[in-house]
1. What tally of residues in the range 122-143 results from selecting those that are closer than 11 Å to Leu164 by Cβ, in contact (Cβ under 8 Å) with a residue 40 or more places away in the chain and among the small types (Gly, Ala, Ser)?
2. Restricting to the range 276-306, and then to whatever is surrounded by 22 or more Cβ atoms within 10 Å (Cβ to Cβ) and in contact with a strand residue (DSSP E or B) (Cβ under 7 Å, 6 or more places away or on another chain), can you tell me which residue is modelled with the lowest pLDDT?
3. Restricting to the range 309-348, and then to whatever is surrounded by fewer than 22 Cβ atoms within 10 Å (Cβ to Cβ) and of a type in the set (D, E, K, R), can you tell me which residue is nearest to the ligand (Cβ to nearest atom)?
4. Mind checking which residues of the range 1-41 are touching a His at 6+ places or on another chain (Cβ under 8 Å) and either within 12 Å of Glu79 (Cα to Cα) or at pLDDT below 95 (or both)?
5. Within the range 318-353, track down each residue that is more than 15 Å from the chain's Cα centre (by Cα) and either of a type in the set (Lys, Arg) or assigned to a strand (DSSP E or B) (or both).
6. How many of the residues making up the range 122-168 are at positive phi and assigned to a strand (DSSP E or B)?
7. Within the range 92-103, can one find any residue that is under 26 Å from Gly324 (Cα atoms) and not in a helix (DSSP H, G or I)?
8. Go through (1) in contact with a Gly (Cβ under 8 Å, 6 or more places away or on another chain); (2) modelled with pLDDT of 95 or more; (3) under 21 Å from Pro143 (Cα atoms); (4) not small (Gly, Ala, Ser) one by one and return the number of the condition Asn44 breaks.
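The values are calculated or read from the model by the stated rules, or taken from the named source; none is laboratory data. What you see is a predicted model, and the numbers here were worked out from it, not measured in a lab. Virtual Cβ from ideal backbone geometry, glycine too; neighbours counted across all protein chains shown.
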Amino acid sequence: MAKNKKTHIMVIPFPQSGHMLPTVDLVHHLLRRHAAVTVVLTPNNLHYLDPLLRIHSPENLRPLSFPFPSHPSIPSGVENMSQLPTHAIGDMIQAFSLLRHPLSSWLESSPDPPAAILSDMFSVPWTNKLAEEFEIKSIAFLPTTAHTLSVIWGQDDRGFFEELMQSTSTSWGLILNTFKELEEKYVEDLKKNFMGHHRVWPVGPILPPAAGSDEDRGGKSSVPVGELTAWLDAFPENSVVYVAFGSQVSMGKAQGEAIAAALEKSGVRFIWAVKKSGGDDTAEIVPRGFEERTAERGRVIRGWAPQKVILEHRAVGSYLTHLGWGSVLEGLIGGTVLLAWPMHADNHFNTKLLADELGAAVKVCDGMDSVPDSDELARVLADSVRVDLPERGKAVELRGMGLAAIDEGGSSYKALDDMVREVGTSAV
Ligand code: UDP
């Protein structure tokens, strides 16, 4: 490699916020390691790169856009899982895999081919084949933990995950949005039993560029961010509960009523982000009159919430969450105590790790269809801002460990350095 030539990496994020956001944040950290990065997106997802395009040179950060492939089960104009119900994930994976052919043509004629293709685990079955075709390295990115991967890998029937896991295990390298100190035994387990080599890099918590770039993170906020933070500014530290369940989960009416009743009975200050996936009307989830009755101490956000900004605010002290991994890390880094209501995907594994093993989250409810007892939930919500929960102490400790890991010289910082160096120097 010429002396000053940058290591060129092609990054292929998957169009779902919980995957796309940490992948784009990872791109930022690759660029800070003096890599050049081509990011493959479809037109309606190009906006995810806006915060990076404001701070990185176009010479190094290169968006590469292809039309979203047409698919019989995905309506025209839909390019992101946030516009679809959770069960459409298989269709989205299939539709997105049709990018292989245009990408292959692009690579064929590229004057500056990448040294590696780094792709979300959902795309690895086809991106690994692409990497093989062009004799370049394949790196799988998993926006979750080594614990989750270990558990799924250890199951007799891996169902939906079978092909994804098999392909991932043959990748040249694997990047995880976790940190060694959080779950060293599971990271080691993956090296030994899943990948069979050392190229497993825990590089998290992967954070976005800097405070101030979070307002339009993942989408345009449906409320004025300045007004929301000004409202929060009036409250004491750790006195507000944030209630939100990620980009995919849609609540039913009975669940909405239980949450609303619990928020009313508890008397806590709150922000409640309400959504139905597919963009349906959310009005019936929030009982009539609820907002008027709680206007003094609460805000309901319909649609896209500026979640990172909310969780970073000092007034927000606890977070009723589905425990999607992105939300877990944002909650921990924001200094909140996590109140767990696992719903789907990795949520139950994360609850096991965070609540049962590490004691950093409080379990409050379980499952996509369950309806919490509103008296019990009201008690948990009130306690979460009143008493010094042991879980808060543990969460604060994990926050410190996570920040130390990504600081210069920390384990995640070094892992990312190693990864970029190995991509640039070692053979496929
Ligand atoms: N998110 C957001 N606003 C919303 C909903 C989600 O900013 O209204 C972001 C959230 O901050 C997180 C991501 O979307 O970074 C969701 O990822 P997570 O892994 O928590 O859950 P998923 O949506 O994949 O279930």
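1. 1
2. Step one: filter the range 276-306 for residues surrounded by 22 or more Cβ atoms within 10 Å (Cβ to Cβ), giving 285, 301, 305-306.
If we keep only those that are in contact with a strand residue (DSSP E or B) (Cβ under 7 Å, 6 or more places away or on another chain) too, we end up with 285, 301, 305.
Values: Ile285: 91, Ile301: 96, Ala305: 96.
For the range 276-306, the residue satisfying everything is Ile285.
3. So the residue we want is Glu312.
4. Once the filter is applied, which keeps residues that are touching a His at 6+ places or on another chain (Cβ under 8 Å) and either within 12 Å of Glu79 (Cα to Cα) or at pLDDT below 95 (or both), the range 1-41 yields only Lys6.
5. Residues satisfying the conditions are Ser318, Tyr319, Leu320, Val337, Leu338, Leu339, Ala340, Lys352.
6. Residues of the range 122-168 at positive phi: 135, 159.
Of the ones still in play, those that are also assigned to a strand (DSSP E or B) are none.
Qualifying residue count for the region: 0.
7. Here is the first cut: in the range 92-103, the residues under 26 Å from Gly324 (Cα atoms) are 92-97.
Still in the running and not in a helix (DSSP H, G or I): none.
There is no residue in the range 92-103 that is under 26 Å from Gly324 (Cα atoms) and not in a helix (DSSP H, G or I).
8. Condition not satisfied by Asn44: (3).
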